[in-house]
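Each remark here refers to the structure printed beneath this line.
The values are calculated or read from the model by the stated rules, or taken from the named source; none is laboratory data. What you see is a predicted model; the values in this text were computed from it and never measured. No Cβ is skipped: glycine too gets one built from the backbone with ideal geometry, and neighbour counts run over all protein chains shown.
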Amino acid sequence: MCSLKDAYVLDLGCFAGNDLSLWIAENCADYTGIDLSEQAIKVLNAKLRERGLIHARGCAQNFLANSYPDNHFDLVYAYSVLHNQGCISHHRGIASGLETWRYDNLA
């Protein structure tokens with residue numbers, strides 16, 4: 001398991017962030033939550049600002065857009081969004097040897 005305090009974390013399909021999303025954001029080196037919903041990301045960013053987490057942000061975007069540099073993220077957290085984990089293994093922003101925390105009741 002990677003050290004969370006040093007990790008660059010991608011919260012994939014975060015919506016407005018859940019309790020674990022916020023805990024991760026509070027305890028990692030860099031947090032990026034992405035979701036397709038602009039309204040949900042506004043709510044997430046408000047929660048992050050309330051907590052003073054300047055190293056954390058939410059972005060309304062499509063994960064498959066590949067807008068991050070190669071090997072940018074150390075850990076991916078995905079709650080009920082990855083029905084096929086193969087989609088993350090081909091993303092250039094994901095570091096080799098990536099750790100994935102996921103829960104998917106459809107998998």
What number of residues within segment 7-22 satisfy the criterion of being surrounded by fewer than 23 Cβ atoms within 10 Å (Cβ to Cβ) and in a helix (DSSP H, G or I)? 3
Within the set of pairs 6 or more residues apart or between chains, which connect a residue that is without any contact (Cβ under 8 Å) to a residue 24 or more places away in the chain inside segment 15-37 to a residue that is crowded, with 20+ Cβ neighbours inside 10 Å with Cβ atoms less than 7 Å apart? Ser37/Phe15
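Filter segment 4-22 down to the residues that are small (Gly, Ala, Ser) and under 10 Å from the mean Cα position of the chain (by Cα), then identify the one that is modelled with the lowest pLDDT. I'd like the intermediate steps shown before the answer.
From segment 4-22, those small (Gly, Ala, Ser) are 7, 13, 16-17, 21; that's our starting set.
Now narrow it down to the ones that are under 10 Å from the mean Cα position of the chain (by Cα): 13, 17, 21.
Details: Gly13: 89, Gly17: 96, Ser21: 96.
Only one residue tops the list, namely Gly13.
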Being under 13 Å from Ser21 (Cα atoms), modelled with pLDDT of 95 or more and aliphatic (A, V, I, L, M) is the filter here, so list the residues in segment 44-81 that pass it. Leu44, Leu48, Leu53, Ala56
Selection within segment 43-58 - surrounded by fewer than 18 Cβ atoms within 10 Å (Cβ to Cβ) and under 13 Å from Leu12 (Cα atoms): Arg57
Within segment 23-42, considering residues that are closer than 12 Å to Leu53 by Cβ and crowded, with 21+ Cβ neighbours inside 10 Å, the one farthest from the chain's Cα centre (by Cα): Cys28
